[in-house]
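Chemist: Before we start, here is the structure in question, set down as structure tokens.
The values are calculated or read from the model by the stated rules, or taken from the named source; none is laboratory data. Predicted model only: the values in this text are computed from it and were never measured. Virtual Cβ from ideal backbone geometry, glycine too; neighbours counted across all protein chains shown. Areas reflect the complete protein model, heavy atoms only, side chains present, ligands, DNA and RNA absent. Shrake-Rupley method; radii C 1.70, N 1.55, O 1.52, S 1.80 Å.
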Amino acid sequence: MNPLIVDQVTKQYGEKTAVNGINFEVGAGEIYGLLGANGAGKTTTMRMVLGLIFPDGGKILYNGKPYSHEQLRMLGYLPEERGMYPKVKISEQVIYLAQLRGMSRKDADRNLKKWLEKFNISEYYNMKIEELSKGNQQKIQFIAAVIHNPGIVILDEAFSGLDPVNVELLKSTVKELRDNGTSILFSTHRMEHVEELCRNITILHRSNPVLQGNLKELKKQFPRERVIVAAERPLQGLDSINGVLQVNKHEYGYELLIDRPETAQVILSHAMGQSEISRFELLEPTLNEIFIRSVGGSHE
């Protein structure tokens, strides 16, 4: 049985349906992507997983058991809204939060020092949050979410506000958690992060799951509509080929938008008649393109 099971969960607020029958499982050592436009039901779903609110229908199981204070200790949460106390010492509040999750003060202190060293910020132990940059504040909040070695972690916009170096640092850390068997529910606006990290996804739209499953398999359901071609000499007449909707010239060559995959072979034959070809690709759709198609263009 998978560590996290969300089974036909619904949530109502008066006459408004916030979540309507969402159903997914997160395996051990898996990062599961939860996507959707604003108001789609992502935050409500994550709050139900965390036990902050309870479903009106369906059930959520943690290693086969319903929510309880015991299960709470195995959850870690990094919220989109930053919630650390700015004027309290980092060591005091992170250790306190770890104790709320059932850790001894000694173990929490040891883990905090280990994580600070891992992020090369050991000198921040006795500093206050307000004394840190936004990027380092985010690192501390991440540490607070995982210091108690949770089996299930919910990450909501984990990389927002970070520079590229720190994004890569936290991404590699999330991958380490995954490789060590942690189950991770991951929500973000950055589709490229989902493509890199997640094997399975759910896309919510207006409270309903509209697309769900293995990301590679889902991509096969959508047509390939972009072609990249590069040649030794400039190519002429690409925009006159039947089925070509748009041609864009880039440093690396030409990007063509086509209305059906079969047009790609016509493009290749046309290009080979003019020059030696150094690159030719019929690209699979990006997750961003799939997202927009699934929610009717209502992007976050």
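Chemist: Kindly list the number of the only condition in (1) touching a Phe, Trp or Tyr at 6+ places or on another chain (Cβ under 8 Å); (2) crowded, with 17+ Cβ neighbours inside 10 Å that fails for Gly51.
Modeler: That leaves (2) as the condition not met.
Chemist: Six or more apart or on different chains, Cβ under 8 Å: which pairs go from a residue in the range 159-176 that's farther than 13 Å from Ile31 by Cβ to one that's of a type in the set (Asp, Glu)? Could you list them?
Modeler: These pairs meet every condition: Ser160/Glu80.
Chemist: Follow-up. Which condition from (1) surrounded by fewer than 19 Cβ atoms within 10 Å (Cβ to Cβ); (2) over 25 Å from the mean Cα position of the chain (by Cα) is the one that Arg82 breaks?
Modeler: Result: Arg82 fails condition (2) only.
Chemist: A follow-up question, please. Considering (1) over 18 Å from the mean Cα position of the chain (by Cα); (2) surrounded by fewer than 16 Cβ atoms within 10 Å (Cβ to Cβ), say which one Glu192 fails and leave the rest.
Modeler: For Glu192, the exception is condition (1).
Chemist: Go through the range 184-203 residue by residue and tally those that are touching a helix residue (DSSP H, G or I) at 6+ places or on another chain (Cβ under 6 Å) and over 19 Å from Thr173 (Cα atoms).
Modeler: Within the range 184-203, residues that are touching a helix residue (DSSP H, G or I) at 6+ places or on another chain (Cβ under 6 Å) and over 19 Å from Thr173 (Cα atoms) number 2.
Chemist: Another question, then. Tally time: how many residues in the range 204-248 are touching a helix residue (DSSP H, G or I) at 6+ places or on another chain (Cβ under 8 Å) and part of a helix (DSSP H, G or I)?
Modeler: Summing the residues that are touching a helix residue (DSSP H, G or I) at 6+ places or on another chain (Cβ under 8 Å) and part of a helix (DSSP H, G or I) in the range 204-248 gives 4.
Chemist: If Glu168 meets every condition in (1) within 23 Å of Leu197 (Cα to Cα); (2) out of contact with any Gly (no Cβ under 9 Å at 6 or more places or on another chain); (3) outside any helix (DSSP H, G or I); (4) open to solvent by 50 Å² or more (accessible area, probe 1.4 Å) apart from one, which number is that one?
Modeler: (3)
Chemist: Now, a different point. Among the residues of the range 122-147, which ones are closer than 27 Å to His193 by Cα, assigned to a loop (DSSP other than H, G, I, E, B) and either open to solvent by 30 Å² or more (accessible area, probe 1.4 Å) or at pLDDT below 95 (or both)?
Modeler: Leu132, Ser133
Chemist: Just the residues that are among the small types (Gly, Ala, Ser), more than 21 Å from Gly21 (Cβ to Cβ) and part of a strand (DSSP E or B), please, taken from the range 174-203.
Modeler: Passing the criteria: only Ser183.
Chemist: Output the residues belonging to the range 259-276 that are farther than 13 Å from Ala231 by Cβ, polar (S, T, N, Q) and open to solvent by less than 60 Å² (accessible area, probe 1.4 Å).
Modeler: Thr263
Chemist: Between a residue in the range 258-287 that is part of a helix (DSSP H, G or I) and any residue that is of a type in the set (Asp, Glu) and open to solvent by less than 70 Å² (accessible area, probe 1.4 Å), which pairs come within a Cβ distance under 7 Å, given they are 6 or more apart or on different chains?
Modeler: Pairs that qualify, where the first residue is part of a helix (DSSP H, G or I) and the partner is of a type in the set (Asp, Glu) and open to solvent by less than 70 Å² (accessible area, probe 1.4 Å), are Leu287/Glu195.
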